[in-house]
Amino acid sequence: MQRLRLGAVVLTAALSFPMFVTAAPMIETNDAGDQIGSAMPVTTPNVDAIEGHVSSPVDADLFRLQLTAGVLFTATAVDIGGMTDTQLFLFDSAGNGLVYNDDRGIIEFLSSISFTPAASGHYLLGVSAIGFNPQDALGAFIYARDPFDPSAVFGPSGAGPLSAWAADGSGLTDAGAYRLELSGAAAVPAPASAPLMAVALLALGLARRTRSRI
């Protein structure tokens with residue numbers, strides 16, 4: 001009985017103890033896919049950036065992350081000596097386009113997007129070089145660059161969900177390393193769930209061993 005009580009105390013203390021995790025970047029390993037099923041999940045707790053590499057002008061990376069209802073999400077490409085002309089895309093979990101940005105200024109060719117979700121859940125963040133854009137199953141561009149308004153941030157797309165990527169006819173010239181600074185994003189699955197589950201299983205095992213000896 002004493003061990004059973006000890007196990008309960010350990011479990012209660014673990015669940016009430018605050019988990020402090022330092023913000024850190026997510027590093028792309030291997031190559032993130034560009035389709036819904038091959039998107040790379042963000043697993044870094046308290047993620048504050050994604051660092052990766054677009055291998056060619058006809059390459060795109062897609063990341064799956066967790067957003068929270070009512071919490072502003074932002075993603076901003078910064079110059080790290082690699083890609084200098086990015087595009088950013090945000091899709092819902094089904095691949096429907098939510099927001100897009102090519103250039104965040106008339107003479108600023110890096111991208112920045114912001115979005116406040118109405119529902120918590122998984123979303124898809126895509127990055128590509130200028131001129132390589134997502135298409136739906138009918139071949140329609142989900143978003144296409146507007147050369148007359150390069151600072152525009154487009155809202156929800158009228159096209160269907162993501163099915164492929166293709167050149168939009170504006171030229172394919174860029175590739176290389178990128179860094180996307182994030183706010184309002186979380187890992188998939190949620191941070192700290194694994195350590196708490198391990199402690200809970202340990203306490204449960206201790207309790208069962210104690211009962212078997214009574």
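The values are calculated or read from the model by the stated rules, or taken from the named source; none is laboratory data. None of these values were measured; they are calculated from a predicted model. Glycine gets a Cβ as well: all are built from the backbone with ideal geometry, and neighbour counts include every protein chain shown.
Summary of computed values
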quantity	calculated
Looking only at region 1-22, and only at residues there that are assigned to a loop (DSSP other than H, G, I, E, B) and surrounded by 12 or more Cβ atoms within 10 Å (Cβ to Cβ), the one that is modelled with the highest pLDDT	Val21
Scope region 78-87; condition assigned to a strand (DSSP E or B) and either among the basic types (Lys, Arg) or farther than 20 Å from Trp165 by Cα (or both); matching residues	Val78
Only one of Asp103, Asp136, Asp79, Asp92 that is within 17 Å of the chain's Cα centre (by Cα) and charged (D, E, K, R)	Asp92
Set Leu90, Leu98, Leu110: member being hydrophobic (A, V, I, L, M, F, W, C), part of a loop (DSSP other than H, G, I, E, B) and buried (at least 17 other Cβ atoms within 10 Å of the Cβ)	Leu110
Selection within region 33-83 - more than 11 Å from Gly184 (Cβ to Cβ) and among the polar types (S, T, N, Q)	Gln35, Ser38, Thr43, Thr44, Asn46, Ser55, Ser56, Thr76
Residues of region 24-57 classified as surrounded by fewer than 16 Cβ atoms within 10 Å (Cβ to Cβ) and hydrophobic (A, V, I, L, M, F, W, C), total	2
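Table: residues versus (1) surrounded by fewer than 17 Cβ atoms within 10 Å (Cβ to Cβ); (2) at pLDDT 50 or above.
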site: Leu138; (1), (2): yes, yes
site: Asp146; (1), (2): yes, yes
site: Ser163; (1), (2): no, yes
site: Asp168; (1), (2): no, yes
site: Ala194; (1), (2): yes, no
site: Ala198; (1), (2): yes, no
